[in-house]
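The values are calculated or read from the model by the stated rules, or taken from the named source; none is laboratory data. Computed from a predicted structure; not experimentally measured. Cβ: placed from backbone, ideal geometry, glycine included. Neighbour counts: every protein chain shown. For accessibility, only protein heavy atoms count, side chains too; no ligands or nucleic acids. Shrake-Rupley method; radii C 1.70, N 1.55, O 1.52, S 1.80 Å.
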Amino acid sequence: MIRLIATFIAIVGFSMSAYAAGDAEPNKQLVWPFDGVTGYVDQQSAQRGFQVYNQVCAGCHSLKRVSYRNLVEIGFSEAEAKAIAAEATVIDGPNDEGEMFERAGRLSDRFVAPFANEQAARASNNGALPPDLSLMIKARPDGANYLYSLLTGYSDAPAGFKVGEGLHYNPYFPGKQIAMAAPLSDDLIEYQDGTQASADQMAKDVAIFLQWASEPEMQHRKNMGIKVLIYLAIFTIFFYIAKNITWRDVK
Ligand code: HEC
């Protein structure tokens, strides 16, 4: 009985929170390379997305579940991943004297967070906490479309809408105002592969990169699914033929 009541409360609570978020604009809908059963990681785009994360978002957002060595999974060579890791400063230790010390990042390190702790992160962001982005695409419904919409959705507030102190109007965020200022603008960075870094392009690329980060096994899972389907199809034919042969004399 108690379970039943708890379930009921959970369902009501969930639908109410969904309702509370209901004032946000519906997400823009894009076609993504990772969509569907044949979905794959667009490595070129994911590498650009890494560049966006690294040069823009990493100033405020951690990506704690990803290690530098994981970067080879989106097509960086091991040497490139090593060089990227080495640019980071890792606090390690304690050493023999009991002191913590700094060293260059290695492949086995997780991505280094921009702030030492939550308090430092909040202090630098008007009291708001930039969340870790490792699982962001999975944590929000329709995650990639939401992220893309959020990043490209900043605009002036309509007349009569009062934007709070330190907040920015964004109709895709629940409540329509967010503590993060628009992080992207055209040509903010220079892409290594020469692609024009429009705000739109960067938003797509970083969504593809973060989709991979939140589900690195996605492509393997989908490839496996297709193999299983092919296997089942072949066996269906095989068994059909076997059945016909077995029963051919019984009419
Ligand atoms: C100057 C700091 C700063 C930068 C740079 C920045 N963000 Fe944020 N971000 C924040 C803060 C602060 C919040 C919390 C906003 C809030 O709770 O109102 C946030 C929130 C978010 C959220 C959560 C939205 C939600 O639904 O809760 C996402 C997703 C996000 N940022 C993505 C990005 C991406 C992607 C980039 C890089 C393109 C980026 N941010 C760059 C400070 C930053």
Peptide ranges 204-210, 86-92, 55-61 listed from the most packed, as the mean C-beta count within 10 angstrom indicates
204-210, 55-61, 86-92
Within region 198-213, list the residues whose amide N lies under 12 Å from a label point set 7 Å along Cα→Cβ of Asp186.
198-201
Roughly to the nearest percent, how much of the accessible area of the chain is carbon and sulfur, given a 1.4 Å probe?
58 percent
Take each of the peptides 222-235, 130-143, average the number of other beta-carbon atoms within 10 Å over its residues, and list them starting from the highest.
130-143, 222-235
Please give the peptides 62-70, 99-107, 36-44 ranked by average Cβ packing (other Cβ atoms within 10 Å per residue), highest first, as a rough proxy for protection.
62-70, 36-44, 99-107
I'd like the chymotrypsin sites (Phe, Trp or Tyr not before Pro) in region 118-172 restricted to DSSP loop residues with at most 11 other Cβ atoms within 10 Å, sorted by number.
Phe161
Quick check: residue separation of Lys64 and Leu30 times 0.36 nm, minus the Cα distance between them. What number comes out in nm?
9.5 nm
Among rounded, prolate and oblate, which fits region 187-251 when a ≥ b ≥ c are the square roots of the eigenvalues of its C-alpha gyration tensor, a/c under 1.5 means rounded, and a/b larger than b/c means prolate?
prolate
Work out the P(r) tail for the chain: percent of alpha carbon pairs separated by more than 30 Å, whole number.
44 percent
Can you give me the span-like helices of the chain, meaning DSSP H runs with 20 Å or more of Cα extent along the axis and Kyte-Doolittle mean at or above 1.0?
2-20
Average Cα contact separation per residue, the chain, under 8 Å, 6 or more apart, as relative contact order %
25 percent
Round to the nearest 0.05 the FRET efficiency obtained for Ala233 and Glu97 when R0 = 45 Å and r is the Cβ-Cβ distance.
0.10
Region 116-251: mean projected area of Cα convex hull, nm²
15.8 nm²
